[in-house]
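Engineer: After the structure tokens below, expect a handful of questions from me.
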Amino acid sequence: MQNDTHCTPSGLFRLPRLTQAQAPLTQAVEVVNERGERERIHIPAERALTVYVDKRELVTLMTLGAHPEWLVLGYLRNQRLLASVHDIDSITVDWSVNAAAVKTRSGIDHIEERTASKVVTTGCGQGSVFGGLMDEVDRIHLPPAQLTQAQLYGIVNAIRVKESTYKSAGSVHGCALFQGEELLIFVEDVGRHNAIDTIAGWMWMQPGAGDAGLPGADKVFYTTGRLTSEMVIKSAQMGVPIVVSRSGMTQMGHALAQQLGLCAIGRATNRRFLCYSAPERLRLQPALAEPAALPGSD
């Protein structure tokens, strides 16, 4: 099991012990193409992972299975079921029974009431989020941060050249965390919610990061999926004030981003993008953009 310690002002705390369960990310299948020819291709694996907290069944997540322990950590964090990574003693994933066993140090207070209200999400790969999540929006205060247009283009290019399951098999979402143009972590899963939760779990596990995990103030979150309300809230909960997507944005996601002062940048491909909210966080450099097409040109 993976193990480490955090040194915080209140003393020395042991990080939770994590297994490092591995599972194949793709599977070969036989298909028939448009010419009637049979060929073998690879498609993403998808498997159910049932999460048990102190032997109580909590939720079943459909996942690629790349980093299941971080996924469970991030899920518990983003659902606000546990306040600190130090509340967890261990997470054991066993793919032979498709289960993740979470052992806490002192349980979760009022877990039945806190998990009773559920809202169906718009994303694939995760069935629900707990309704209380929306109640925490007013308590989130994002730190000041800016991103230059040059850095934005660097982020888009880093994703473009990244080797990925999507390039080899398609049908997955990718999420990443950047510091400036530096790629810190890249995660793919069958649902973008799983991918962002995995990143949240990874941030919690960074040595020396303290109870709140790796700070998000100088980070940028990237996703291949659309920016829905759930994605905006989760980014804000991680303390990340700037999000970038190659897709668009929903009305509720836009309203929440404006309320939070979160900079949401969508349709980011090549040198094109749309800044939907908090444009003051984006330092524009128009000279770097593609020249506008001339009237009547192809």
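The values are calculated or read from the model by the stated rules, or taken from the named source; none is laboratory data. Remember, it's a predicted structure, so these values are computed and weren't measured experimentally. Note that each Cβ is placed from the backbone with ideal geometry, even for glycine, and that neighbours are counted across all protein chains shown.
Engineer: Do you know which of the residues in the range 82-110 that are of a type in the set (D, E, K, R) and out of contact with any helix residue (DSSP H, G or I) (no Cβ under 7 Å at 6 or more places or on another chain) is surrounded by the fewest Cβ atoms within 10 Å (Cβ to Cβ)?
Structural biologist: Checking each candidate, the answer is 109.
Engineer: May I ask you to list the residues in the range 51-90 that are in a helix (DSSP H, G or I) and acidic (Asp, Glu)?
Structural biologist: Of everything in the range 51-90, those that are in a helix (DSSP H, G or I) and acidic (Asp, Glu) turn out to be 69, 87.
Engineer: Look at residue 201 and say whether it is in the same structural domain as residue 267 (by TED's automatic domain parsing), part of a loop (DSSP other than H, G, I, E, B) and either within 27 Å of residue 84 (Cα to Cα) or modelled with pLDDT under 75 (or both).
Structural biologist: no
Engineer: Quickly run through the range 31-56 and pick out the residues that are modelled with pLDDT of 90 or more and more than 22 Å from residue 190 (Cα to Cα).
Structural biologist: Result: 53, 54, 55, 56.
Engineer: Here's another thing I want to ask about it. Across the range 238-293, what is the total count of residues that are touching a strand residue (DSSP E or B) at 6+ places or on another chain (Cβ under 7 Å), farther than 27 Å from residue 74 by Cβ and polar (S, T, N, Q)?
Structural biologist: Adding up the residues that qualify gives 1.
Engineer: Is one or more of the residues making up the range 265-280 within 22 Å of residue 193 (Cβ to Cβ), assigned by TED's automatic domain parsing to the domain that holds residue 185, surrounded by 16 or more Cβ atoms within 10 Å (Cβ to Cβ) and among the hydrophobic types (A, V, I, L, M, F, W, C)?
Structural biologist: Within the range 265-280, one or more residues are within 22 Å of residue 193 (Cβ to Cβ), assigned by TED's automatic domain parsing to the domain that holds residue 185, surrounded by 16 or more Cβ atoms within 10 Å (Cβ to Cβ) and among the hydrophobic types (A, V, I, L, M, F, W, C).
Engineer: Additional query: Look at the range 250-262 and say how many of its residues are among the hydrophobic types (A, V, I, L, M, F, W, C) and surrounded by fewer than 24 Cβ atoms within 10 Å (Cβ to Cβ).
Structural biologist: Residues meeting the conditions: 3.
Engineer: Quick one: what pairs do we get from the range 175-195, first residue in the same structural domain as residue 214 (by TED's automatic domain parsing) and in a strand (DSSP E or B), second crowded, with 16+ Cβ neighbours inside 10 Å and of a type in the set (Lys, Arg), C-beta under 7 Å, 6+ apart or different chains?
Structural biologist: Matching pairs, first to second residue: 175/192; 177/219; 178/219; 179/219.
Engineer: Might you check whether a residue that is at pLDDT below 95 and of a type in the set (Asp, Glu) occurs anywhere in the range 102-110?
Structural biologist: Yes: one or more hits.
Engineer: So which residues in the range 213-230 are under 16 Å from residue 178 (Cα atoms) and either over 12 Å from the mean Cα position of the chain (by Cα) or of a type outside the set (Ser, Thr, Tyr) (or both)?
Structural biologist: Correct list: 213, 214, 215, 216, 217, 218, 219, 220, 221.
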